[in-house]
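In what follows, a single structure is set out as structure tokens and then discussed.
The values are calculated or read from the model by the stated rules, or taken from the named source; none is laboratory data. All figures in this text were calculated on a predicted structure; none of them were measured in a lab. Ideal geometry is used to build each Cβ from the backbone, glycine not excepted, and the neighbour counts take in all protein chains shown.
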Amino acid sequence: MIEMGAAADPKLLKAAAEAHHKAIGSISGPNGVTSRADWDAVNAALGRVVASVPKAKVMDVYNAVKDITDPGVPAYMKSLVNGADAEKAYNGFLEFKDVVEKNQVTAVGAPATVPTGDNIGVAAKALSDASYPFLKEVDWLSDIYLKPLPDTTAPKVVKAIDKMIVMGSQMDGNLLKAAAEAHHKAIGSIDAKGVTSAADYEAVNAAIGRIVASVPKATVMDVYNSMAAVVDGTVPNNMFSTVNPLDAVAAAKGFYTFKDVVEASQR
């Protein structure tokens, strides 16, 4: 999915993010359904994003999701609604898919331009050096990351995701593309314990710092505060208990220094 996102047209991604934000704002009723107009706008925006990516990359996402989805899931989900309505929606989707495919690009655009020698890049190296030992101690293969957050609800999580979408829509398109490409490369160097290489870790930190700096501080803090509202205070303490506390503290100190450099570069 990250690779597909990196290949998508940044302007169309921004428009899709804005459409999703608007649709979340019109959610109402006991089932959390957006307005018909916003539903239309989201579908149109998604179709344009998909059409801006070569078919092979779209199919890579389809096949990757299929490989982690139990074959019984579609039938189960269909059993929860009116079967005839589900079939009508599916047939409409297939027709929509054909139109998108006819408008689809055949080649990926140029890779992002990655800044070099900037203060954020220098600070990212210092952060990475300070936190890589901590990174290697985390059990990235644990199933804890698949478990729901305690004492939260779907509406609260949607509000937090909405703040992330707004932040994403305000990011510099080239830097966002570069960050996606850095994450894709880092995933490629992950070892048996789920840890990426030191070089790719540094590149990811630099890329994240640059996209955060491309967004106003108030928007970033909206994301922070929305996440604080859905993450129980026991979660950080529980995660802290699983690693060497000295390495965790060193990583935190490195992060705070990095944060200051990013803030100083923030628009």
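Odds and ends about this structure:
- Close pairs (9 angstrom Cβ cut-off, 6 or more residues apart or separate chains): assigned by TED's automatic domain parsing to the domain that holds ALA213 and on the phi > 0 side of the Ramachandran plot in region 250-263, of a type in the set (Lys, Arg) and outside any helix (DSSP H, G or I) anywhere: none
- Inter-residue pairs, beta-carbon under 6 Å, first on the phi < 0 side of the Ramachandran plot and not assigned by TED's automatic domain parsing to the domain that holds ILE165 and in region 7-32, second assigned to a loop (DSSP other than H, G, I, E, B) and at pLDDT below 95, 6+ apart: ALA7/VAL108
- Test: residue in region 221-233 that is under 27 Å from GLU3 (Cα atoms), touching a Ser or Thr at 6+ places or on another chain (Cβ under 7 Å) and not charged (D, E, K, R): no
- Residue within region 92-110 that is among the polar types (S, T, N, Q), more than 23 Å from ALA207 (Cα to Cα) and surrounded by 13 or more Cβ atoms within 10 Å (Cβ to Cβ) present: yes
- Hits in region 227-262 - residues which are among the polar types (S, T, N, Q), farther than 11 Å from PHE134 by Cα and at pLDDT below 95: THR234, ASN237, ASN238, SER241
- Of the residues LYS163, LYS156, LYS217, LYS147, the single one that is in the same structural domain as ASP260 (by TED's automatic domain parsing), of a type in the set (Lys, Arg) and over 30 Å from VAL33 (Cβ atoms) is LYS217.
- The test for being aliphatic (A, V, I, L, M) and either touching a residue at least 40 places away in the same chain (Cβ under 8 Å) or closer than 29 Å to GLY173 by Cα (or both) holds for VAL122.
- A search for C-beta distances below 7 Å between a residue of region 44-72 that is more than 18 Å from LYS102 (Cβ to Cβ) and any residue that is outside any helix (DSSP H, G or I) and not charged (D, E, K, R), counting only pairs 6+ apart in sequence or on different chains, returns VAL61/MET1.
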